[in-house]
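See structure below.
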Amino acid sequence: MRALYTAATGMAAQEHNVQVISNNIANMRTTGYKKQRAAFQDLIYDHVRRVGAQASDQGTIIPVGVDIGGGVKTVGTPRLMTQGTLSPTGGDLDIAVRGEGFFKIQMPDGTFTYTRDGTFTTDATGRIVTSQGNPVQPTITIPQGASGLTISVQGQVSVNVPGSTTPTLLGQIGLTRFINKTGLNPIGDNLFTDTPASGAPQDGVANADGFGDMQQGNLEQANVEVVSEISDLIAAQRAYEMNAKVVSAADQMLQSTSNMFR
Amino acid sequence: MENMLLIGLSRQMTLERQMDVVANNVANINTAGFKADKSLFQEYLMPVAHDDAFIGQDRRISYVQDRATFKDLSAGPTEQTKNPLDIAIDGNAFLVVQTPAGERYTRDGGLQINPQGQLVTASGNPVLGTGGPIVFQPTDKEINIAADGNVSVLEGTNRIDSLRGKLRLVSFAQAQRLIKDGGNLYAAGEGAAPAPDATAKVRQGYIEKSNVNAVTEMSRMIDVTRTYTQISAMLQQQGDMRRSAIEKLADVPA
């Protein structure tokens, strides 16, 4: 009985859905997190009676056919790359990007990753690094004894060094953008890597050529909306239950057949 | 006397198929742009095996046959997602999708951008504008899709919108002749010709949910199960009746 397997695909799809929703809720306080959504598509149809087939010698055609569908599949979990709310923290090295662009981070193996999480600190040598200690690109080293760290909307980092009355420009934090941000590959730790689907990384600077601007002393909150997640969760749970009911109904039908003759 | 078995069987076969349709609807209760299927049945009169000349007329036997599954093409509820690449269509129109097998039509407005900058569906097939695929430049931002399907962006640091194309919206005079092709796509069947639709409105930031009505599907499922069980019971009684007839009639007194 096909209904059993069809309902099973429905249960599997809703299980994915609940997984995605629970990950969104778990990350509702993660800086720079972008919510995901499970997208579904119907499976191929068995055209038992094909619409448009000839019904008689007179050339009449069947106006509606008999199409039996095979269920549902999860086609992707696209990430919703909208701007998260900025929340002021007052931290010198907390930077939020307002608009397009990812921070570029160099990993220990020399490869680059991209993040929207601007929770930066300095390491023992004065370099600006992420919470994991990987340097933000291009690498900027803050000299010892410097004070008054300022990051402009273009990402220019300047400090006051002892013995100088004018601020010293140390460098400019870059941003990177992708034509298809949703195609980035999440690797955890708020980091993404580029993929063939995301397109090649395009490096640039903030507040120019369509890039967003940098906001020192702010962090970008997750773009998860709890109310919509909870209502999605309820819908997913009910959909799962209904598919389970179809399984038991199909089972009941089979049972009545097998009990027919003793 | 055997007819009853066969008639019951014909009903059970259609019920099984109806259950498959219900199962597919329920499985797709969260599929964006999905349209529910409904089953239609018809009587199939047995052309032979009757004779009206008998006293106590012999009636024609009618079987059940499933004639069609028709698509409930009513609009599903729209949900606000705030994603600039999610669109819902207000009206009867479909989006046109370029697939390797030819043009297909969809109501699923969960769109993406591929590495070439083309506007694509979730499975990566380009969504067609009035002048072919809609392509974005790497510096485009603030994608805006107007109600008439015009796609405009802010390119680079421009303050004025640049037009990137217009979504091609088509509707069908005979929409029931569309063939479900899987992957939320429809193929135009014989006699279904796409015509440009000027009345439909595109709503950006919304997505059209499945139009499957959970309550209806659940009650139909119960209905199907109960009917199936009743016919099973009826066939069983018929079998019992026949068995007792054979036992009694063949009971030769010793």
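The values are calculated or read from the model by the stated rules, or taken from the named source; none is laboratory data. Every value quoted in this text rests on a predicted model; they were computed, and no experiment measured them. Please note: Cβ atoms are built from the backbone with ideal geometry, for glycine as well, and neighbour counts cover all protein chains shown.
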Residue satisfying all of: in region B:191-226; among the polar types (S, T, N, Q) and surrounded by fewer than 16 Cβ atoms within 10 Å (Cβ to Cβ); farthest from the other protein chains (Cβ to nearest Cβ) among these: B:Thr199
Given the conditions (1) in contact with a Leu (Cβ under 8 Å, 6 or more places away or on another chain); (2) away from chain A (no Cβ under 14 Å); (3) among the small types (Gly, Ala, Ser), every one holds for B:Ala75 apart from (1)
Across region A:31-58, which residue is nearest to the other protein chains (Cβ to nearest Cβ) among those that are at negative phi and of a type in the set (Gly, Ala, Ser)? A:Ala39
Within region A:244-259, how many residues are facing chain B (nearest Cβ under 7 Å) and hydroxyl-bearing (Ser, Thr, Tyr)? 2
Picked from region A:214-229 (must be within 14 Å of chain B (Cβ to nearest Cβ) and assigned to a helix (DSSP H, G or I)), the residue farthest from B:Lys209 (Cα to Cα) is A:Val227
How many residues does region B:183-198 hold that are at pLDDT 90 or above and in contact with a Gly (Cβ under 9 Å, 6 or more places away or on another chain)? 2
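What number of residues within region B:201-245 are of a type in the set (A, V, I, L, M, F, W, C) and farther than 28 Å from B:Val21 by Cβ?
So the first thing to find is which residues in region B:201-245 are of a type in the set (A, V, I, L, M, F, W, C), and the list is B:202, B:207, B:212, B:214-215, B:218, B:221-222, B:224, B:231, B:233-235, B:241, B:245.
Subset that is farther than 28 Å from B:Val21 by Cβ: B:202, B:241, B:245.
Counting residues in region B:201-245 that are of a type in the set (A, V, I, L, M, F, W, C) and farther than 28 Å from B:Val21 by Cβ gives 3.
Okay, residues lined up against (1) of a type outside the set (S, T, N, Q); (2) touching a residue at least 12 places away in the same chain (Cβ under 8 Å):
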site: B:Asp140; (1), (2): yes, yes
site: B:Asn144; (1), (2): no, yes
site: B:Asn150; (1), (2): no, yes
site: B:Ile179; (1), (2): yes, no
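Could you check region A:63-101 and list, in sequence order, the residues that are more than 14 Å from chain B (Cβ to nearest Cβ), part of a strand (DSSP E or B) and not β-branched (Val, Ile, Thr)?
Taking region A:63-101 first, the residues more than 14 Å from chain B (Cβ to nearest Cβ) are A:86-96.
After this cut, where a residue has to be part of a strand (DSSP E or B) as well, the list is A:86-88, A:94-96.
Passing the criteria: A:Leu86, A:Ser87, A:Pro88, A:Asp94, A:Ala96.
Kindly evaluate B:Ser232 against the criterion of being in a helix (DSSP H, G or I), at pLDDT 90 or above and either more than 9 Å from chain A (Cβ to nearest Cβ) or within 22 Å of B:Leu40 (Cβ to Cβ) (or both). Spell out how you get there, then give the answer.
Working: in a helix (DSSP H, G or I): yes; at pLDDT 90 or above: yes; either more than 9 Å from chain A (Cβ to nearest Cβ) or within 22 Å of B:Leu40 (Cβ to Cβ) (or both): no.
Considered against the rule, which asks whether it is in a helix (DSSP H, G or I), at pLDDT 90 or above and either more than 9 Å from chain A (Cβ to nearest Cβ) or within 22 Å of B:Leu40 (Cβ to Cβ) (or both), B:Ser232 comes out as no.
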Output the number of the condition that B:Glu155 fails; it satisfies all remaining conditions of (1) at pLDDT 90 or above; (2) under 30 Å from A:Asn207 (Cβ atoms). (1)
Out of the residues in region B:159-174 that are surrounded by fewer than 18 Cβ atoms within 10 Å (Cβ to Cβ) and under 25 Å from A:Ile61 (Cα atoms), state the one that is modelled with the lowest pLDDT. B:Gln174
Tell me, please, whether a residue that is touching a strand residue (DSSP E or B) at 6+ places or on another chain (Cβ under 9 Å), free of Cβ contacts under 8 Å to residues at least 24 places away in the same chain and either closer than 30 Å to A:Ile62 by Cα or in a helix (DSSP H, G or I) (or both) can be found in region B:212-227. no
Within the bounds of region A:181-198, is there any residue that is more than 30 Å from B:Thr78 (Cβ to Cβ), within 9 Å of chain B (Cβ to nearest Cβ) and modelled with pLDDT under 90? yes
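Name the residues in region B:125-144 that are farther than 24 Å from A:Ala206 by Cβ and either in a loop (DSSP other than H, G, I, E, B) or not assigned by TED's automatic domain parsing to the domain that holds B:Thr106 (or both), would you? Before the answer, list the steps.
Taking region B:125-144 and keeping what is farther than 24 Å from A:Ala206 by Cβ, we get B:125-135.
Within region B:125-144, B:Asn125, B:Thr130, B:Gly131, B:Ile134 meet the criteria.
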Any residue in region A:195-210 that is crowded, with 18+ Cβ neighbours inside 10 Å and over 25 Å from A:Thr119 (Cα atoms)? yes
So B:Ala250 clears everything in (1) aliphatic (A, V, I, L, M); (2) surrounded by fewer than 16 Cβ atoms within 10 Å (Cβ to Cβ); (3) touching a residue at least 40 places away in the same chain (Cβ under 8 Å) except one condition, right? Which one? (3)
Restricting attention to region A:13-30, which residues are of a type in the set (A, V, I, L, M, F, W, C), more than 8 Å from chain B (Cβ to nearest Cβ) and touching a residue at least 24 places away in the same chain (Cβ under 8 Å)? A:Val18, A:Val20, A:Ile21, A:Ile25, A:Met28
Of the residues B:Ala147, B:Ala122, only one is buried (at least 17 other Cβ atoms within 10 Å of the Cβ), of a type in the set (A, V, I, L, M, F, W, C) and in a loop (DSSP other than H, G, I, E, B); which? B:Ala122
